[in-house]
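Visitor: Pasting a structure here, questions to come.
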C-alpha cells in the first residue's frame, strides 16, 4: 500500500491543486491514495474521498500533504499540525512551471502552470506561486507567502512571511543592497503597482500602490 496523500482545501484552488497532484502521482504509480482533507467529513464534486482532518492527522499510515488554501496564517497552522503528526510536505509542481539555476524552495510549495522562478532566489516554506506568475532574480521570499495569478515580482525584492500578493500585481525591481520590501502579513491588492516598500500588515491598492487606511 502506498502513502495517504492529503490535499487540505476543497475550494476552487483546492480542486485545481488536486488535479495537479493527481497528474504528478500518476507518473510514479506507487499506489498512493489521494484524498481531500476537511475539518469535518463532507462531500466534494470530484468523486474523490474526503477525509476528516483529525482522521488524516491521526492516521498511522505513511502520509504526505499539500495545503491548497490561500490564507498564509491558515497554511502555517495546518503545516505545523501535519508536520507534528509525522506527515511529509509534498511539493506540487506543474509540468509547465519553470525553475532555473541557484534557486532554493522550502518544503510544501505549490508551483502552478506557466509560473517561473529565475535565479539566485530563496523561497521559504509553503509558498504558493499561482498560474502565470513570475518571480525574478535575487529575491528573498519568506514562509507561507501567496502569489495570485499573473503576478510579476521583479528582481531584488524581499517578501516577508505571510504576505499576500493579489492577481495581476506588479512589484518593481529593487537594487542590490536596497531591495523593495513587502512587510510580513502585508496584502497587495489585485492589479496594484508597487513602487516602494510596504509596511508589515499594510493593505495597498492602485497604481501607484497606496495604503488603505483603517476606519
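The values are calculated or read from the model by the stated rules, or taken from the named source; none is laboratory data. Owing to the predicted nature of the structure, the values given are computational and were not obtained by experimental measurement. Positions of Cβ are generated from backbone atoms using ideal geometry, with glycine treated the same way; all protein chains shown enter the neighbour counts.
Visitor: So which strands (runs of 3 or more DSSP E) stay within region 24-140 end to end and still have 3 or more residues that are without any contact (Cβ under 8 Å) to a residue 40 or more places away in the chain, outside the structural domain of residue 153 (by TED's automatic domain parsing) and closer than 22 Å to residue 10 by Cα? It would help to see each step written out before you state the result.
Guide: Details: elements: 33-38, 50-52, 63-67, 103-105, 121-123.
Here the list reads 33-38.
Visitor: While we're here: Looking at residue 6, is it over 14 Å from the mean Cα position of the chain (by Cα) and surrounded by fewer than 16 Cβ atoms within 10 Å (Cβ to Cβ)? Can you show your working first?
Guide: Working: over 14 Å from the mean Cα position of the chain (by Cα): yes; surrounded by fewer than 16 Cβ atoms within 10 Å (Cβ to Cβ): no.
In short, no.
Visitor: Another question, then. Please give the number of the condition residue 144 fails out of (1) within 13 Å of the chain's Cα centre (by Cα); (2) outside any loop (DSSP other than H, G, I, E, B).
Guide: Status for residue 144: all satisfied but (2).
Visitor: Residues of region 44-69 being buried (at least 18 other Cβ atoms within 10 Å of the Cβ) and within 21 Å of residue 112 (Cβ to Cβ), which ones?
Guide: Answer for region 44-69, where residues must be buried (at least 18 other Cβ atoms within 10 Å of the Cβ) and within 21 Å of residue 112 (Cβ to Cβ): 64, 65, 66, 67, 68, 69.
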